[in-house]
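Below is one structure, written out as structure tokens; the observations come after it.
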Amino acid sequence: MKQERAFEHVTISKKAEASVRAGHPWIYGEEVSGGTETLENGSLVDAFSEKSAYLGTGLLSQKSKIRIRLLSANANERFDDAFFRRRLRYAIDYRKTVMGSDFGCCRLVFGEADGLPGLTVDRYGDVLVSQV
């Protein structure tokens with residue numbers, strides 16, 4: 001028996017499925033079957049293939065051509081504070097490793113590369129600037 005999912009079910013095209021299976025974190029609006037109009041902007045949704053295979057969970061955007069930005073393909077993932085802290089910690093630790101002592105002015109979070117699609121955070125000394 002298949003596990004019940006906590007998030008709204010969205011079916012995507014075969015083209016989008018191939019892209020997701022290849023590791024691409026974006027699903028475009030024209031690749032989503034059925035209406036997402038009633039779903040809340042910014043909500044988490046589960047992406048499924050036309051054959052009902054779970055492909056990932058992502059954030060829904062009604063205003064962008066990129067309709068879903070996938071956060072994880074792990075069906076057991078919990079999208080709680082710990083999930084986002086873990087992703088942010090990884091991004092910051094990676095920048096510290098790469099930047100070394102020159103860590104005062106850099107891009108702390110680089111969206112898809114850090115598993116946080118759509119989020120950019122830059123550091124300028126004591127100031128953080130973000131874009132979502």
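Quick one: would you say residue 42 is over 15 Å from the mean Cα position of the chain (by Cα) and surrounded by fewer than 12 Cβ atoms within 10 Å (Cβ to Cβ)?
Details: over 15 Å from the mean Cα position of the chain (by Cα): no; surrounded by fewer than 12 Cβ atoms within 10 Å (Cβ to Cβ): yes.
Spelling it out, it is not the case that residue 42 is over 15 Å from the mean Cα position of the chain (by Cα) and surrounded by fewer than 12 Cβ atoms within 10 Å (Cβ to Cβ).
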Could you list all residues from the range 68-77 that are at pLDDT 95 or above and of a type in the set (D, E, K, R)?
-> 69
Residues of the range 49-64 satisfying the condition of being open to solvent by 20 Å² or more (accessible area, probe 1.4 Å) and not in a loop (DSSP other than H, G, I, E, B) | 54, 59
Please name all residue pairs, on different chains or six or more residues apart, with Cβ atoms under 9 Å, provided the first residue is in the range 119-132 and is modelled with pLDDT under 95 and the second residue is part of a strand (DSSP E or B) and loosely packed, with under 10 Cβ neighbours inside 10 Å.
-> none
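Considering only residues that are part of a helix (DSSP H, G or I), of a type outside the set (Ser, Thr, Tyr) and surrounded by 14 or more Cβ atoms within 10 Å (Cβ to Cβ), which ones fall in the range 89-105? Before you say what the answer is, go through the steps one by one.
First, the residues of the range 89-105 that are part of a helix (DSSP H, G or I): 89-99.
Right, trim to of a type outside the set (Ser, Thr, Tyr) and you get 89, 91-93, 95-96, 98-99.
If the condition is that a residue be part of a helix (DSSP H, G or I), of a type outside the set (Ser, Thr, Tyr) and surrounded by 14 or more Cβ atoms within 10 Å (Cβ to Cβ), then 91, 92, 95, 99 are the ones that fit.
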Is one or more of the residues making up the range 65-82 open to solvent by less than 50 Å² (accessible area, probe 1.4 Å), more than 23 Å from residue 12 (Cβ to Cβ) and in a helix (DSSP H, G or I)?
-> yes
Scope the range 59-114; condition more than 23 Å from residue 26 (Cβ to Cβ) and hydrophobic (A, V, I, L, M, F, W, C); matching residues = 82, 92, 98, 99, 103, 105, 106
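The values are calculated or read from the model by the stated rules, or taken from the named source; none is laboratory data. Computed from a prediction, not measured in an experiment: that's the story for all the values here. Positions of Cβ are generated from backbone atoms using ideal geometry, with glycine treated the same way; all protein chains shown enter the neighbour counts. When the accessible area is computed, the model is the full protein with side chains, heavy atoms only, and any ligands, DNA or RNA have been set aside. Shrake-Rupley method; radii C 1.70, N 1.55, O 1.52, S 1.80 Å.
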